[in-house]
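K.L.:
The structure that follows is given in the form of C-alpha cells.
The values are calculated or read from the model by the stated rules, or taken from the named source; none is laboratory data. Just so you know, these numbers come straight off a predicted model, no measurement behind them. All Cβ positions, even for glycine, are placed from backbone atoms using ideal geometry, and neighbour counts span all protein chains on display. When the accessible area is computed, the model is the full protein with side chains, heavy atoms only, and any ligands, DNA or RNA have been set aside. Shrake-Rupley method; radii C 1.70, N 1.55, O 1.52, S 1.80 Å.
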Amino acid sequence: MNNLDFSLHQHQGAEDGPTLLVIGGIQGDEPGGFNAASLLVTHYTILRGNVWIVPNLNFISIIRRNRGVYGDLNRKFALLRSSDPEYSVIKKIKSIIDTDSVNLVLNLHDGSGFYRPEYTDAMHSPHRWGQSVIIDQESIDAPYGQLMGMASQVVERVNKALRDPEHAYHVKNTETRLGDHEMEKTLTYFAINQGKAAFGIEASKDFPTSLRTYYHLQALEAFMDLMGIEYTRDFELNVADVRKTIDTDAAVALYDNRIFLDLRDVRSTLRYVPLKKNAQLAFASTNPLVTVVGQGSNYDVYYGNRLITNMHPQYFDYETSPQVVTLNVDGRSMDVPMGRRVQVADSFSVAPRKGYRVNVIGFTQAGVDNECGIPIRRADIMEHYSVDTDGSVYRVEVYREDSDTFCGMVLVDFDTSRQGPAPDQQPHTISPVRVVTRDKGPAAAAHGDSAASR
C-alpha cells in the first residue's frame, strides 16, 4: 500500500445493523473533520451495526495543509478525465459509496464562519458554511431518505451540547438539483444519486482543531443513534479529553515492530535511525493519519497536517532474531520483546547474550563496544540523544557481535508517570502496512559516528 493512499477501516458490530460510511480529509486544510474520523477509527467500538471510515481521503493535501494539491477533490464527482491525477482515488471512493450494504454517507468538513439562514453580518450569513449540516435536497427514495427531517434531529441534538450559544448548528439545504452547478460535482450529490442518504457536516474554521473535532463527534454520535448503531468510546466527550486524545494518539512501527516510536513529545529530529539496507521503508502506525514521506536522504513523519519529526537514517543489514532483550530493571529481570518501551525508576542493565552486542544510544564508556551488563542511570546518558524532548526516553539497540547487522531495539523510559505498554504487550497498530514509494539505502552507512559510539 502506498504511504499516501487513503485507508478504509470497517468496524463491524457483533449484532447486525445498518452501515454508516464516514469520510474525512477530502480537503486537506480541514483538520476537525479528519481528526474526528480518525478518533472514530481508534477509540470507538461498534456493538451493533457497522461503521466504515475513510479518515484520510486526500492524504497528500492533508500533509501539505492544502485544500487540494491537484484541485478541489470535492468537485470531481461528476465528469472527470482519466488523465486527472486523482482519477483512481475518485473511482475507488465511488465504488465504496456504491457498495450495496452502505446505507448512509457522512462527509466531514470544516467551513468558514457560521451558517445562518438569514444575514446577520459577513461571518454569520447564508453564504457561510461553518456549524451546519448540509443536505442537497429535502428527501430521496432510500433508507434514511428524509434528509431534512434527519438533519433537523441531528441539529437539535448537537445544539444541546454547545460550548457557546454562538456555536449553534443549522440545516443548510443547497437545493443542488435546482441548478447549483458547483454542488453537482460533490461527493454527497453523487451519493444521493446512487440512492444513498448523504450529508455534509461542517464545523467552523473559527475554532481550534479540538473544538471542531468535538462538534463533529457530537454530530456523528447523533447520526449513529438515529440509525440504531450502538457503540462505546474510551474517552469522555468534552473538548479537553478530545484534545488530549488527539495529542497522545500517534506512534509508528517500522519493519514489523522491530522499531516502535511513540510520537508524543518526540524530538523534531531523530538521528542515526537504523533502517534496512537496500530496501523500501515499510511502516504501520497506531493512527491512520500518521504517515512517513521521503524528504531528500531523510524521512519526514507526519501526523495529519503536523510534521512531527525528521528521521536521519543509518543503514544496516537486518536480522529478525532475537525476539526479546533481557533487562534488569530496578533489580527485576524481565524479557522485553523488540519494539517495547519499559519504565525505569532508577537504573537498568542489559543481560549479555552470546553472539550479540548492545548499544545504548547516548551512553559511552571508554574502551567498551558492547554495553551489556553495565548498570545505566538517566544521568549516565547524554540527554540530547533522547527520543523525546524531556530527555526521558532512550534507545537500546541490539546488533550481531560479528557484524553491523541490526536486530531490533527497545526503549527505556525514565519518566515512570508516563503510561506505556507492558513489556509483554504487542504494540497496537491499526493502520495497514504502508511503503514509502522510493528505494532507499546506500550500500554502507555514511555517517561519521559508528553504531557503537552513537
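K.L.:
Around Y356, with a cut-off of 15 angstrom between Cβ atoms, what is the net charge of the other residues, counting Lys and Arg +1 and Asp and Glu -1?
P.N.:
With Lys, Arg at +1 and Asp, Glu at -1, the neighbours total -4.
K.L.:
Which three extents, in whole angstrom, do the alpha-carbon atoms of segment 283-327 cover along their principal axes, largest first?
P.N.:
Taking max minus min along each principal axis of the Cα atoms, segment 283-327 gives 38, 25, 17 Å.
K.L.:
All other residues with a Cβ under 12 Å from the Cβ of D415 taken together, and with Lys, Arg as +1 and Asp, Glu as -1, what is their net charge?
P.N.:
Neighbour charge sum, excluding D415 itself: -1.
K.L.:
Could you tell me which of rounded, prolate or oblate describes segment 198-254, using a ≥ b ≥ c as the square roots of the eigenvalues of the alpha-carbon gyration tensor, with rounded for a/c under 1.5 and, failing that, prolate when a/b is larger than b/c and oblate otherwise? Numbers along the way, then the final one.
P.N.:
Details: a/c = 1.82, a/b = 1.28, b/c = 1.42.
It is oblate, given that a/c is not under 1.5 and a/b is not larger than b/c.
K.L.:
Next question. Compare the Cα positions of C407, V242, I90 along the charge dipole of the chain (+1 at Cβ of Lys, Arg; -1 at Cβ of Asp, Glu; about the Cα centre) and return the one farthest towards the positive end.
P.N.:
The residue sitting most towards the positive pole is C407.
K.L.:
If you don't mind, another one. With a ≥ b ≥ c the root eigenvalues of the C-alpha gyration tensor of segment 1-103, is it rounded (a/c under 1.5), prolate (a/b larger than b/c) or oblate?
P.N.:
It is oblate, given that a/c is not under 1.5 and a/b is not larger than b/c.
K.L.:
Once you put a point 7 Å from the Cα of T364 and another 7 Å from the Cα of H428, both along the Cβ direction, what distance in nm separates them?
P.N.:
Reported label-point gap for T364 and H428 is 4.1 nm.
K.L.:
Please enumerate, by chain and number, the lysines with C-alpha under 18 Å from the C-alpha of K277, excluding those fewer than 8 residues away in the same chain.
P.N.:
Within the straight-line cut-off, K277 pairs with K440.
K.L.:
Can you tell me which of 213-222, 318-327 comes out highest on packing, and rank the rest after it, using the mean Cβ neighbours within 10 Å?
P.N.:
Result, highest mean first: 213-222, 318-327.
K.L.:
Output the DSSP H helices from the chain with an along-axis C-alpha extent of no less than 24 Å and a mean Kyte-Doolittle hydropathy no less than 0.0.
P.N.:
Working: long enough: 209-227 (27 Å, 0.13).
Result, helices passing both filters: 209-227.
K.L.:
Shifting gears a bit: Set the Förster radius R0 to 35 Å, insert the Cβ-Cβ distance between N298 and E156 as r into 1/(1 + (r/R0)^6), and round the FRET efficiency to 0.05.
P.N.:
0.10
K.L.:
If you look at just the Cα atoms of segment 99-255, how large are its Rg and its Dmax in Å?
P.N.:
In order Rg, Dmax, the Cα atoms of segment 99-255 give 16.4, 56 Å.
K.L.:
Still on this structure, please answer the following. Would you mind getting me the FRET efficiency between T320 and S417? Use the beta-carbon distance for r and R0 = 35 Å, nearest 0.05.
P.N.:
The calculated FRET efficiency here is 0.55.
K.L.:
Grab the Cα-Cα distance for R264 and L307, subtract it from 0.36 nm times how many residues apart they are, and report the gain in nm with one decimal.
P.N.:
On the way: separation 43, 0.36 × 43 = 15.48 nm, distance 1.23 nm.
Stretched fully, the R264-L307 segment lengthens by 14.2 nm.
K.L.:
I'd like the distance between the alpha-carbon centres of segment 66-103 and segment 265-318, rounded to an integer number of Å.
P.N.:
29 Å
K.L.:
Give me the number: length gained by fully extending E383 to R243, i.e. 0.36 nm times residue separation minus the C-alpha to C-alpha distance, one decimal in nm.
P.N.:
47.5 nm
K.L.:
In debye to the nearest 20, how big a dipole does the chain give about its Cα centre with +1 on each Lys and Arg Cβ and -1 on each Asp and Glu Cβ?
P.N.:
The dipole magnitude comes to about 820 debye.
K.L.:
Under a point spin-label approximation (7 Å from Cα along Cα-to-Cβ), what is the I96-T405 distance to one decimal in nm?
P.N.:
About 4.1 nm, to one decimal.
K.L.:
Something else about it: Note the full-extension length gain between Y87 and S125 as 0.36 nm times their separation in residues minus their Cα-Cα distance, in nm to one decimal.
P.N.:
Taking 0.36 nm per residue and subtracting the Cα distance, the gain is 10.2 nm.
K.L.:
Taking a threshold of 24 Å on the Cα-Cα distance, which of the pairs K160/K205; K172/K205; K94/K205; K91/K276; K244/K276; K91/K196 fall above it?
P.N.:
With Cα atoms farther than 24 Å apart: K94/K205; K91/K276; K244/K276.
K.L.:
Using a 1.4 Å probe on the protein chains only, how many percent of the accessible area of segment 105-251 belongs to carbon and sulfur?
P.N.:
46 percent
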